[in-house]
Every structure is written in C-alpha cells, then in structure tokens.
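What follows is a set of notes on a single structure, which appears directly below.
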Amino acid sequence: MTNEEVMRAFRSLLDDGDLTCTVSDALGRTGALSADFRPVWPGARLIGEAVTVRTFGTDLSAVFDGIQAAVPGSVLIIDSHGIRNAAFWGERTTRMAQARGLAGTVIDGACRDVVAISRLQYPVFSTAITPNAGLPGGRGSVNQTVQAGGIPVQPQDLVIADENGVVVIPQALASEILQRVHAALDDERKAFVLAAQGASVPPSNPRE
C-alpha cells in the first residue's frame with residue numbers, strides 16, 4: 001500500500017473511537033506519549049503525518065515556520081523541552097493552521113486561548129495551559145527529529161490522538177501496524193461476543 005492509502009485506512013478508523021488504544025497494542029503496548037498529553041477540548045481527535053518543531057527557550061518563532069512548512073493534513077509536533085510557563089500555541093496559530101489545512105497540533109508544553117480553540121474545533125493536545133505567551137526571537141528548527149513525551153518523533157511519522165492520548169507510529173512501520181490493527185479489531189469483536197456471554201477472554205499478544 002502507498003503511504004496515502006495507509007493514511008486513508010487509518011483515518012477511516014479514527015471516528016470509531018479508542019483507535020490509539022488499538023494502535024498501542026499493535027505496537028507491542030508502546031508508542032504512546034506520556035499521560036500528560038490531554039486534548040484542549042473534549043472529543044478532539046487527529047491523525048496525520050508529523051511536521052516537527054523544536055523551539056528554543058520560550059521563543060515560538062519555529063512554530064510559525066512549521067505552520068508554513070506543513071502541507072494540508074499534517075500534524076504539527078512541537079518539542080518545547082517541557083517548558084510550561086509559556087504558551088507555544090493559541091488562537092492566532094490555530095487560525096493560521098486551519099487556513100493551511102493542518103489536521104491538528106501536539107505540544108510537549110503549554111497552550112493558551114483554549115476557549116477560542118474549542119470554539120474553532122481545531123484539535124490540540126498539550127501538556128499544560130497558561131495565559132503567558134512565548135515571544136518571537138528567530139530561533140528554533142523545523143523537520144528534525146524531536147522528543148515529545150519521552151518518544152522520539154521524526155518528520156512524516158504517523159501521529160494519532162484521541163481522548164485516550166497520543167501515539168506515534170514510525171513511518172516505516174505504518175503499513176505493518178495497519179495490518180496488526182485490523183487483526184486486533186477482528187479479535188476484539190469476537191472477544192466482545194464471548195464477553196457478552198459471560199466468558200473470560202484475556203487479550204492476546206499483539207506481536208504474535
């Protein structure tokens with residue numbers, strides 16, 4: 001399958017709910033960013049290839065560079081080195097990202113303007129919320145390997161997020177993981193039938 005076909009297949013599963021859980025299972029119960037990542041508004045979900053951003057201190061210049069570099073359907077992954085006292089995302093960046101067709105944003109750091117973002121229904125997952133804004137200074141980088149929630153993320157890795165959190169699939173494994181996800185969903189449907197009959201059905205090893 002082409003990358004586009006794999007992406008389309010994953011996207012078709014997103015609205016069924018809890019896709020991140022099945023993907024994590026397919027990755028050997030790994031792949032999830034830290035539990036600190038939460039959706040800014042209830043029900044937010046996203047899927048897309050990563051455009052990575054590494055900020056410098058509280059300088060958010062690279063965030064704007066990342067938005068400009070992103071193609072429609074991309075997910076911006078912002079590595080702010082865990083800084084939580086300055087926001088790297090808000091209403092202005094949200095409106096820019098929507099205009100360029102981005103699928104959402106994941107921030108290892110803080111967000112602000114959450115009422116506006118909720119109203120705009122743009123998916124944002126962050127580890128903190130603060131009214132303090134970062135300042136532009138012309139530093140940072142785009143589309144290099146970053147760290148987000150303890151997981152290395154490379155440009156074009158597949159990012160999926162829902163109410164359970166955020167998972168990252170290495171781009172080279174996306175097709176294989178899709179096959180495992182379909183197999184896991186089939187097994188789960190069978191297990192649910194047995195569970196409804198009162199049977200105890202422990203989960204199988206996703207790598208087998």
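The values are calculated or read from the model by the stated rules, or taken from the named source; none is laboratory data. Because the structure is a prediction, the values reported are computed rather than measured. Cβ sites come from the backbone with ideal geometry, for glycine too, and all protein chains shown count toward neighbours.
Could you check A9 against (1) surrounded by fewer than 22 Cβ atoms within 10 Å (Cβ to Cβ); (2) over 23 Å from G101 (Cβ atoms) and say which number it fails?
Looking at each condition in turn, A9 falls short on (2).
Output the number of the condition that V51 fails; it satisfies all remaining conditions of (1) farther than 14 Å from A148 by Cβ; (2) crowded, with 18+ Cβ neighbours inside 10 Å; (3) touching a helix residue (DSSP H, G or I) at 6+ places or on another chain (Cβ under 8 Å); (4) of a type outside the set (D, E, K, R).
Going through the list (1) farther than 14 Å from A148 by Cβ; (2) crowded, with 18+ Cβ neighbours inside 10 Å; (3) touching a helix residue (DSSP H, G or I) at 6+ places or on another chain (Cβ under 8 Å); (4) of a type outside the set (D, E, K, R), V51 breaks only (1).
Taking the conditions exactly as written (at pLDDT 95 or above and not β-branched (V, I, T)), does R100 satisfy them or not?
Values: at pLDDT 95 or above: yes; not β-branched (V, I, T): yes.
Answer is yes for this residue.
Between residues in the stretch 110-128 that are among the charged types (D, E, K, R) and residues that are surrounded by 19 or more Cβ atoms within 10 Å (Cβ to Cβ), which pairs lie under 7 Å by C-beta distance while being six or more apart or on different chains?
That search, which allows pairs on different chains as well, returns R112/A87; R112/G90; D113/G90.
Which of the residues spanning the stretch 37-68 are in contact with a Ser or Thr (Cβ under 6 Å, 6 or more places away or on another chain) and over 18 Å from I117 (Cβ atoms)?
Residues satisfying the conditions are E49, V51, R54, T55, A62.
Give the stretch 38-48 a look and list any residue that's under 13 Å from G165 (Cβ atoms) and either surrounded by fewer than 19 Cβ atoms within 10 Å (Cβ to Cβ) or not hydrophobic (A, V, I, L, M, F, W, C) (or both), or say none.
Hits for the stretch 38-48 are R38, P39, R45.
Going by what's in this entry, would R92 be described as over 30 Å from D16 (Cβ atoms) and either assigned to a strand (DSSP E or B) or free of Cβ contacts under 8 Å to residues at least 24 places away in the same chain (or both)?
yes
Can you find a residue in the stretch 140-156 that is touching a residue at least 24 places away in the same chain (Cβ under 8 Å) and farther than 30 Å from A9 by Cβ?
Of the stretch 140-156, the ones touching a residue at least 24 places away in the same chain (Cβ under 8 Å) are 140-151, 153-156.
Of the ones still in play, those that are also farther than 30 Å from A9 by Cβ are 140-141.
Yes; the residues of the stretch 140-156 include at least one that is touching a residue at least 24 places away in the same chain (Cβ under 8 Å) and farther than 30 Å from A9 by Cβ.
Taking the stretch 112-147, which residues are among the charged types (D, E, K, R), farther than 19 Å from G101 by Cα and surrounded by fewer than 20 Cβ atoms within 10 Å (Cβ to Cβ)?
Result: R139, single match.
Being crowded, with 16+ Cβ neighbours inside 10 Å, within 13 Å of the chain's Cα centre (by Cα) and more than 12 Å from V124 (Cα to Cα) narrows it down to one residue among L27, L102, L33; which is it? Explain how you work it out, then say what you get.
Details: L27 fails: within 13 Å of the chain's Cα centre (by Cα); L102 fails: more than 12 Å from V124 (Cα to Cα).
Answer to the check: L33.
Considering every residue within the stretch 162-178, establish whether at least one is of a type in the set (G, A, S), in a helix (DSSP H, G or I), surrounded by fewer than 17 Cβ atoms within 10 Å (Cβ to Cβ) and touching a helix residue (DSSP H, G or I) at 6+ places or on another chain (Cβ under 8 Å).
Start the filter on the stretch 162-178 by keeping residues that are of a type in the set (G, A, S), which leaves 165, 172, 174-175.
Retained after the next criterion (residues that are in a helix (DSSP H, G or I)): 172, 174-175.
Remaining after also requiring surrounded by fewer than 17 Cβ atoms within 10 Å (Cβ to Cβ): 172, 175.
Keeping just the survivors that are touching a helix residue (DSSP H, G or I) at 6+ places or on another chain (Cβ under 8 Å) gives 175.
Scanning the stretch 162-178, I find at least one residue that is of a type in the set (G, A, S), in a helix (DSSP H, G or I), surrounded by fewer than 17 Cβ atoms within 10 Å (Cβ to Cβ) and touching a helix residue (DSSP H, G or I) at 6+ places or on another chain (Cβ under 8 Å), so the answer is yes.
What are the residues in the stretch 54-84 that are in contact (Cβ under 8 Å) with a residue 40 or more places away in the chain, surrounded by fewer than 18 Cβ atoms within 10 Å (Cβ to Cβ), of a type in the set (A, V, I, L, M, F, W, C) and closer than 24 Å to I169 by Cα, if any?
Hit for the stretch 54-84 is A69, nothing else.
Specify the residue that is farthest from P123 (Cα to Cα); the eligible residues are those in the stretch 47-76 that are in a strand (DSSP E or B) and touching an Asp or Glu at 6+ places or on another chain (Cβ under 8 Å).
Per the criteria, the residue is R54.
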